[in-house]
Amino acid sequence: MAKESIRSSHFQVEWGGTRIGFSEISGMSMSTEIIEYREGADKEDSYQKIPGLKRYGNIVLKRGIAAGDNNFYEWFNTIAFGKLERRDIIIHLLNPNHEPVMSWKLRDAFPVKLEIPSLKADTSEVAIESLEIACEDISVENE
């Protein structure tokens, strides 16, 4: 039986704020540095390649601004006061029944950039704020 692909438009974020609705999540990536090494007695005229340290890309969370909701701003300001608040964030990809089918856990995440929306008098777009976060690890769980 063929497995059905899950749409990327149905997701939920547990991030420690009061609102969990987001319109977009981007930048989630994992990579490994490559270490090149060669000994003088090697018969091959090339480097050995071995895996090095892991790197995790910064993640951008976007959502529409809601009156009275300053969660992004308050979390971002923990940096300014020298009391950096790290959070574990879980991103769930949901099936049509609103059940998680895959989850990504971002360990020890903290904000690095807060972007305020552009304001234009000649548009009817939703004002979108974005928060860029860094994390120390991303683990994947298939539900």
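We did not get these values from a lab; they are worked out from the coordinates using the rules stated. Everything numeric here is computed off the predicted structure, so don't read it as measured data. Every residue, glycine as well, gets a Cβ built from its backbone with ideal geometry; the counts of neighbours run over all protein chains shown.
Structure above, values below:
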quantity	calculated
Some residue of the range 116-132 being farther than 27 Å from residue 6 by Cα and either in contact (Cβ under 8 Å) with a residue 24 or more places away in the chain or assigned to a helix (DSSP H, G or I) (or both)	yes
Residues of the range 73-101 classified as more than 21 Å from residue 63 (Cβ to Cβ) and of a type outside the set (Val, Ile, Thr), total	9
Criterion: surrounded by 14 or more Cβ atoms within 10 Å (Cβ to Cβ), touching a residue at least 40 places away in the same chain (Cβ under 8 Å) and either more than 14 Å from residue 25 (Cβ to Cβ) or in contact with a helix residue (DSSP H, G or I) (Cβ under 6 Å, 6 or more places away or on another chain) (or both) - qualifying residue of 111, 100	100
Number of positions in the range 22-43 that are among the small types (Gly, Ala, Ser) and surrounded by 12 or more Cβ atoms within 10 Å (Cβ to Cβ)	3
